[in-house]
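> Below: one structure in structure tokens.
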Amino acid sequence: MKFKKTLSGALLISALLLQLPIAHADIYSNNNISEKVKARIEKIVNEPSHLAGIDSFKRKSKKERIKDNIKWYKIHHETNGHYNRYGLDIKNYRSEKNFMTSKELKRREIHHKNINPVNHRELMQDKVIFEKVVREHYPEFMPSTYFEFKGKKVIPTKTALINSFEDTDSALKSLPDGKYFIKEVTGSCGNDAILLNKKDGNLNFRHVTKGDISLNEFWNTTQKTNFMVQEHVENHEDIKKLSPFALSTIRIVTTRFHDKVHILSADMRVSCQENAVVDNFHKHGAIVHVNTKTGKLAQYAHRRLEKSLKVHPISGIKFKNYKLPYWEETLEMVKKLHAIFPEFSSLGWDAAITPTGPKIIEGNYGWDIAVPQVTTGGIKQKWEKLKNI
């Protein structure tokens with residue numbers, strides 16, 4: 001009798017376990033979700049959590065996560081690939097109601113007559129043109145460009161410090177010893193960025209993903225598109241103490257309402273690998289929210305694939321309440337810069353804080369709405385608040 005009860009119990013448990021996938025399948029079928037969308041949602045809900053297990057964060061059940069994603073799909077007509085990074089898989093943490101999609105952002109930008117006008121995008125996309133425009137108004141905010149080149153040919157540029165050489169080899173030899181940053185003129189996400197270290201006349205090139213590369217590899221990398229050689233911008237000592245490798249930039253989003261520039265969000269990127277060339281989120285870096293009023297960092301730094309962090313993995317310093325220097329000056333800088341690009345409703349600025357104050361590294365008309373929503377839990381309420389000021 002005891003054996004039969006044990007067997008019956010085991011069979012019941014097995015039956016229940018076998019029914020779980022069917023129950024999940026019913027959720028999809030009852031909501032008329034296609035197999036294609038179901039596959040996308042399954043991929044999302046099966047990805048690891050970024051916060052579960054940290055402090056008191058607990059993850060929702062798979063059934064709850066599936067329901068969340070079906071609800072999102074029905075509202076926005078697209079799946080949410082950032083679901084876990086947004087922390088929406090965590091119990092009692094964040095509400096999906098405060099999040100926006102890129103499409104929704106575009107709809108909300110209709111308050112501005114020219115929303116990222118196509119004929120003005122090159123002002124942001126081409127870093128040489130962007131530098132020229134900024135230098136005409138605020139030269140003190142812009143790092144110097146030594147020359148623009150493609151492979152072994154130098155491209156004459158009015159704002160460049162070096163225009164006396166036609167070939168790249170001669171231009172490189174003319175540079176004094178020191179560090180220089182080389183990047184694509186129209187690139188993004190730090191792709192093919194190279195750190196040049198010149199010492200005793202010798203050139204050392206370190207590629208963002210390949211590490212140290214030879215001179216021949218340098219020519220092969222730079223012959224496909226235009227590159228620019230810029231001065232190497234150094235972090236302020238307070239920032240270098242927190243994140244010792246690569247320049248840490250702060251993505252500050254500004255928006256224009258009623259012809260006035262407002263600060264929507266601020267997030268600091270930090271490199272998390274020794275000898276990193278860039279700090280980008282897509283290059284194993286992390287992003288941590290900056291309180292726009294105080295200049296202090298939030299508690300958690302978020303990563304693209306790995307778990308979120310409370311302390312920097314190299315320096316060991318806690319992120320929470322770490323104060324950034326020159327914060328008021330940095331906010332003032334981006335407000336001034338947006339004012340000279342009035343055609344754009346909202347812009348994302350990559351600012352660096354140096355020993356002498358803030359510098360602008362890039363401006364972006366497509367500023368990646370996911371970044372501030374990963375760190376703050378959505379920007380919809382803040383956007384509406386600014387719009388009604």
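The values are calculated or read from the model by the stated rules, or taken from the named source; none is laboratory data. These numbers were taken from a predicted model, which means no experiment stands behind them. With ideal geometry, Cβ positions are generated from the backbone for all residues, glycine too; neighbour counts draw on all protein chains shown. Accessible surface areas use protein heavy atoms only, side chains included; no ligands, DNA or RNA. Shrake-Rupley method; radii C 1.70, N 1.55, O 1.52, S 1.80 Å.
> What residue among Leu51, Leu175, Leu337 shows peak mean-square fluctuation when the chain is described by a Gaussian network model with Cα springs under 10 Å?
Result for the chain, Cα springs under 10 Å: Leu175 fluctuates most.
> If I take R0 = 25 Å and measure r between the Cβ atoms of Lys320 and Asn92 in this structure, what FRET efficiency does the formula 1/(1 + (r/R0)^6) give, to the nearest 0.05?
0.75
> Magnitude of the Cβ-charge dipole of the chain, K/R +1 and D/E -1, about the Cα centre, nearest 20 debye? Intermediate values should be presented prior to the final figure.
Numbers: 64 positive and 44 negative charges, 465 e Å.
For the chain, the charge dipole is close to 2240 debye.
> With angles folded into 0 to 90 degrees, how steeply does helix 2-30 sit against the dominant principal axis of the chain? Use alpha carbons for both and round to 10.
Once rounded, one gets 50 degrees.
> Now for a different question. Would you mind telling me the share, in percent, of accessible area of segment 86-224 contributed by carbon and sulfur at probe 1.4 angstrom?
48 percent
> Further question: Estimate the FRET efficiency between Ser29 and Gln381 by the formula 1/(1 + (r/R0)^6), using the beta-carbon distance for r and 45 Å for R0, to the nearest 0.05.
On the way: r = 35 Å, r/R0 = 0.78.
The calculated FRET efficiency here is 0.80.
> Over segment 67-144, what is the relative contact order in percent, taking alpha-carbon pairs closer than 8 angstrom and at least six residues apart?
11 percent
> Here's a follow-up. Of (i) 29; (ii) 20; (iii) 40, which is the value of percent of Cα pairs over 38 Å apart derived from the coordinates here?
(i)
> Sequence neighbours fewer than 8 away in the same chain don't count; with that in mind, list the aspartates and glutamates whose C-alpha is under 12 Å from Lys310.
Straight-line reach from Lys310, under 12 Å: Asp55.
> For segment 77-209, compute Rh as the Kirkwood radius over C-alpha pairs and then the Stokes-Einstein diffusion coefficient at 4 °C and 1.567 mPa s; write the answer in µm²/s, rounded to an integer.
Rounded, D is 69 µm²/s.
> Next question. Subtract the Cα-Cα distance of Trp219 and Lys336 from 0.36 nm times their separation in residues, and report this length gain in nm to one decimal.
38.3 nm
> Let me ask you something else. When we measure straight from the Cα of Lys179, which lysines land under 19 angstrom away, once same-chain ones fewer than 8 places off are left out?
Result set, ordered by chain and number: Lys198, Lys199, Lys210, Lys240, Lys359.
> Additional query: Per 0.36 nm of contour for each residue apart, how much would the distance between Ile110 and Ser170 grow if the chain were fully extended, relative to their Cα-Cα spacing?
Full extension of this stretch gives 16.6 nm more.
> Once the Cα atoms of helix 35-46 and of the chain are each reduced to a long axis, what angle between those two axes, in degrees from 0 to 90 to the nearest 10, is obtained?
Helix 35-46 and the main axis of the chain meet at about 80 degrees.
> Round to the nearest 0.05 the FRET efficiency obtained for Asn291 and Asp259 when R0 = 25 Å and r is the Cβ-Cβ distance.
Efficiency, from the Cβ-Cβ distance: 0.45.
> Here is a further query. Could you work out the relative contact order of the chain? I mean the mean sequence separation of Cα pairs under 8 Å and 6+ apart, divided by the number of residues, in percent.
16 percent
> Mean residue ellipticity at 222 nm from the helices of the chain, using -39,500 (n - 2.57) per DSSP H segment of n ≥ 4 over the full residue count, to the nearest 500 deg cm²/dmol?
Values: 12 runs with 127 residues, N = 389.
Computed ellipticity for the chain at 222 nm equals -10000 deg cm²/dmol.
> Where only protein heavy atoms count, and the probe is 1.4 Å, what is the accessible area per residue for segment 289-389 in Å²? Display every interim value, and only then the final one.
Working: 4180 Å² over 101 residues.
Per residue, segment 289-389 has an accessible area of 41 Å².
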